[in-house]
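Participant: Structure below; questions to follow.
The values are calculated or read from the model by the stated rules, or taken from the named source; none is laboratory data. Since the model is a prediction, treat every value here as computed from it, not as a measurement. Positions of Cβ are backbone-derived with ideal geometry, glycine not excepted, and every protein chain shown enters the neighbour counts.
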Amino acid sequence: MRKTAAFLALLLAALTTTGCSVLEREYPSADPATLSQRLTDRAQWAYDGMALPPHEAVTPVQVIPGHSCYAGGLSIDETLPDVVTFDLSWMVEDIPVDIARATEARLRRQFSSAGWTLTHDGNREVKDHVTLGFRFEDPATGDKFDLRWNNSTTSLFLSGYTPCAKVPQSAADTPSPKTWSPQNV
């Protein structure tokens, strides 16, 4: 037991003095424009799959870099200034429950048939409160999309985001200059 503890202490000291951290996570490098375009393309694909009836226009959104990527992968670690996750969110107001249910089911089928993995099912009914929603993840890229609706707000929310990636520092702090809103086809 003492030999093991001594060996581990020696190994940790060697790694620390050489500037190597066993806890530091390596994030893949990515082009911010590519991530932004992939996210907006997928948001449009999801919007098309929702097949919503005519509604008020969705407010244009920017693809925003978020600093929620941590050195060791744990939220207690420090965030990394040049590692970000890109996200976008939008909503459509005044969606009745029957349309929300049908929309949620259509989009759920679309993500499933495209090979995405359901990671969270948020459909709940408790007394007079109805919540619909889910989270799907693309196993190929790690992109995630969330759909949420509840009968308190009657607003349908869709959010998409990319996994953490290393980008040029200038892009890490700057939202995409391009705005996006779904186009009716």
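Participant: Look through Gln37, Gln110 and report the one residue that is in contact with a helix residue (DSSP H, G or I) (Cβ under 8 Å, 6 or more places away or on another chain), surrounded by 14 or more Cβ atoms within 10 Å (Cβ to Cβ) and part of a helix (DSSP H, G or I).
Facilitator: On the way: Gln37 fails: in contact with a helix residue (DSSP H, G or I) (Cβ under 8 Å, 6 or more places away or on another chain).
Answer to the selection: Gln110.
Participant: For the subset of region 149-175 comprising residues that are in contact with a Phe, Trp or Tyr (Cβ under 8 Å, 6 or more places away or on another chain) and surrounded by 19 or more Cβ atoms within 10 Å (Cβ to Cβ), which member is farthest from Asp98 (Cα to Cα)? Spell out the reasoning first.
Facilitator: Applying the first criterion (in contact with a Phe, Trp or Tyr (Cβ under 8 Å, 6 or more places away or on another chain)) to region 149-175 yields 149, 155-162, 164-166.
If we keep only those that are surrounded by 19 or more Cβ atoms within 10 Å (Cβ to Cβ) too, we end up with 149, 156, 158, 160-162, 164-165.
Values: Trp149: 11, Leu156: 12, Leu158: 18, Gly160: 24, Tyr161: 27, Thr162: 30, Cys164: 36, Ala165: 39 Å.
Filtering region 149-175 for residues that are in contact with a Phe, Trp or Tyr (Cβ under 8 Å, 6 or more places away or on another chain) and surrounded by 19 or more Cβ atoms within 10 Å (Cβ to Cβ), the one farthest from Asp98 (Cα to Cα) comes out as Ala165.
Participant: Among residues belonging to region 72-85 that are hydrophobic (A, V, I, L, M, F, W, C) and modelled with pLDDT under 75, point out the one that is nearest to Ala100 (Cα to Cα).
Facilitator: Taking region 72-85 and keeping what is hydrophobic (A, V, I, L, M, F, W, C), we get 74, 76, 80, 83-84.
With modelled with pLDDT under 75 added as a condition, the list becomes 74, 76.
Values: Leu74: 35, Ile76: 37 Å.
Out of the qualifying residues, it is Leu74.
Participant: Only one of these conditions is not met by Phe136: (1) over 22 Å from Val61 (Cα atoms); (2) surrounded by 15 or more Cβ atoms within 10 Å (Cβ to Cβ). Which number is it?
Facilitator: (1)
Participant: Across region 32-66, what is the total count of residues that are at pLDDT 80 or above, of a type in the set (Val, Ile, Thr) and over 14 Å from Val167 (Cβ atoms)?
Facilitator: 1
Participant: What are the residues in region 139-148 that are buried (at least 16 other Cβ atoms within 10 Å of the Cβ) and either among the aliphatic types (A, V, I, L, M) or over 13 Å from Ala43 (Cβ atoms) (or both), if any?
Facilitator: Looking only at region 139-148, we keep the residues that are buried (at least 16 other Cβ atoms within 10 Å of the Cβ), and these are 143-148.
Listed by number, the residues that qualify are Leu147, Arg148.
Participant: Restricting region 115-138 to residues that are among the aliphatic types (A, V, I, L, M) and more than 19 Å from the chain's Cα centre (by Cα), which is nearest to Tyr47 (Cα to Cα)? Even if it seems obvious, please write down each step before you answer.
Facilitator: Let us first name the residues in region 115-138 that are among the aliphatic types (A, V, I, L, M), namely 118, 126, 130, 132.
If we keep only those that are more than 19 Å from the chain's Cα centre (by Cα) too, we end up with 126, 130.
Numbers: Val126: 28, Val130: 22 Å.
Only one residue fits best here, namely Val130.
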